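Report on one structure; see the data block that follows.
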Amino acid sequence: ERCTACGLCALSCPAEAITMIAGERQPGEEKLYREEKYAAVYEINMLRCIFCGLCEEACPKEAIYLDGDIVQSDFLRKDFIYGKDKLVEAPLNQ
């Protein structure tokens, strides 16, 4: 995970679609997080997102990017709030 919880993506979002809660890396978590701080909670409300890409431009670590996938339709609002489970890519097997 590249995110250092600096909050620049959330500040740059004109739709205020990004929410984040920072956490600090604990001893023994060096393999999970590169930096000492990380986003413990990171959510994007896809109903508010306007896909402008300003979050992508603001991120100094290139931790967030738009990949062109469309948001699938659904019936419940809660299903449009994407957490880290939907946003973080699985690491490549080496």
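Exposure here means at most 15 other Cβ atoms within 10 Å; with GluC sites (Glu not before Pro) in a DSSP loop as sites, the longest stretch of the chain lacking them is 63-88. Within straight-line reach of LYS78, meaning a Cα separation under 18 Å, sit the following aspartates and glutamates at least 8 residues removed in sequence or on another chain: GLU16, GLU43. The Cys residues in the chain with no partner Cys Cβ within less than 4.7 Å of their Cβ are CYS3, CYS6, CYS13, CYS49, CYS52, CYS59.
Modelled spin labels at GLU57 and ILE70, positioned 7 Å past Cα toward Cβ, are 2.6 nm from each other. Within the listed set PRO14, PRO60, PRO27, the residue fluctuating most in the Gaussian network model of the chain (springs between alpha-carbon atoms under 10 angstrom) is PRO27. Listed values for segment 4-14 are Karplus-derived 3J(HN,Hα) couplings in whole Hz (6.51 cos²θ - 1.76 cosθ + 1.60, θ = phi - 60°), namely 10, 6, 6, x, 5, 5, 5, 5, 7, 6, x, and x replaces Gly and Pro. What the phi angles of segment 36-43 give under the Karplus curve with 6.51, -1.76 and 1.60, with θ = phi - 60°, is a coupling list of 6, 10, 8, 8, 5, 10, 9, 9 Hz, glycine and proline written as x.
What is the Rg over Rh value, at two decimals, for the chain, using alpha-carbon atoms and the Kirkwood definition of Rh? Walk me through the numbers on the way to the answer.
Details: Rg = 13.8 Å, Rh = 14.2 Å.
Result: Rg/Rh = 0.97.
Estimated from helical segments only, the mean residue ellipticity of the chain at 222 nm is -2500 deg cm²/dmol, where each DSSP H run of four or more residues counts as -39500 (n - 2.57).
Any read-out appearing in this document is the output of simple, stated calculations on the displayed coordinates, not a laboratory observation. Please read all numbers here as calculations on a predicted model, not as lab measurements. Cβ atoms come from the backbone with ideal geometry, glycine included; neighbour counts cover every protein chain shown.
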